[in-house]
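Working notes, structure below.
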Amino acid sequence: MNNDMPILRRREIEARVIKPIYEEMVEAFGEKAAHGVLSRAIKGDAIAHGKNCAESQVGDNDIASFAGLFKLWTAEDALTIDILEQTEQSLDFNVTRCRYAEMYRDMGISELGSVLSCDRDGNFCKGYNPRLTLERTQTIMRGASCCDFRYRLANEDATSTES
C-alpha cells in the first residue's frame with residue numbers, strides 16, 4: 001500500500017470495507033468471536049505496517065525517525081497534538097482532537113474505532129522497532145478528553161539481556 005497516503009484516508013477506506021464484513025461475521029459467529037478475529041487481523045497488519053515503514057526508512061529507527069512518521073498520521077488535520085517532551089529515549093504527547101474518532105462515529109462504527117485505529121499504535125511499534133513501546137492510559141475514542149501517548153525506546157543493552 002502507498003506509504004504516502006494519509007493514514008486518515010487509509011483508515012476510512014479500510015473501515016468502509018471492514019464494516020459490512022464485520023457485520024456478517026457478527027451474524028455468523030457472534031460479536032465476541034467476530035471482534036476477536038478482527039482484533040487479531042488488525043494487530044498483524046499493524047506489525048507488518050511497522051516493519052514496512054522501518055525497512056523503507058533511511059537511518060536508524062529511533063525516536064527522531066519515528067516522530068518523522070507523524071506527518072502521515074496527522075495529515076489532513078487528522079490529529080491535534082501537543083508535544084510534551086521528546087528526547088533520544090522518549091516521546092510524550094497528548095492528542096486533543098482526533099478526526100479518526102469523529103470519522104468512525106460519523107460512519108456509525110464508534111465501537112470499532114479502537115480496534116481499527118487505537119489498538120494499532122502499540123503493535124505498530126513492535127514491527128517498527130521492537131525496543132519501542134507505547135504506554136497510553138486513555139483515548140478520545142473511548143471517551144476521554146485527550147489521548148496520552150508515552151513512547152519509550154529501550155537501550156539496545158536492555159533488550160539483549162532479556163531472554
Inset, instruction - List the lysines whose Cα lies under 20 Å from the Cα of residue 19, skipping any in the same chain that are fewer than 8 positions away. - result: 32, 43
Legend entry - Dipole of the chain, positive direction: furthest Cα of 132, 8, 30, with charges on the beta-carbon: 30
Legend entry - Farthest positive-ward along the chain dipole, Cα basis, beta-carbon charges - from 74, 57, 39: 39
Inset, instruction - Provide the FRET efficiency to the nearest 0.05 for the residue 105-residue 135 pair, computing r from the beta carbons and using R0 = 25 Å. - result: 0.45
Inset, instruction - Work out the length of the dipole vector of the chain about its Cα centre, built from +1 on the beta-carbon of each Lys and Arg and -1 on the beta-carbon of each Asp and Glu, and round it to the nearest 20 debye. - result: 320 debye
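Would you mind getting me the FRET efficiency between residue 72 and residue 145? Use the beta-carbon distance for r and R0 = 30 Å, nearest 0.05.
Here the calculated transfer efficiency is 0.75.
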Legend entry - Net length gained if the chain between residue 13 and residue 26 were fully extended (0.36 nm per residue, minus Cα distance): 2.6 nm
Legend entry - Ratio of the Cα radius of gyration of segment 7-160 to 2.2 N^0.38 Å, where N counts its residues: 1.07
Legend entry - Euclidean distance between Cα centres, segment 137-155 to segment 1-49, Å: 21 Å
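Any read-out appearing in this document is the output of simple, stated calculations on the displayed coordinates, not a laboratory observation. On a predicted model such as this, the values are computed, not experimentally measured, just so you know. Ideal geometry is used to build each Cβ from the backbone, glycine not excepted, and the neighbour counts take in all protein chains shown.
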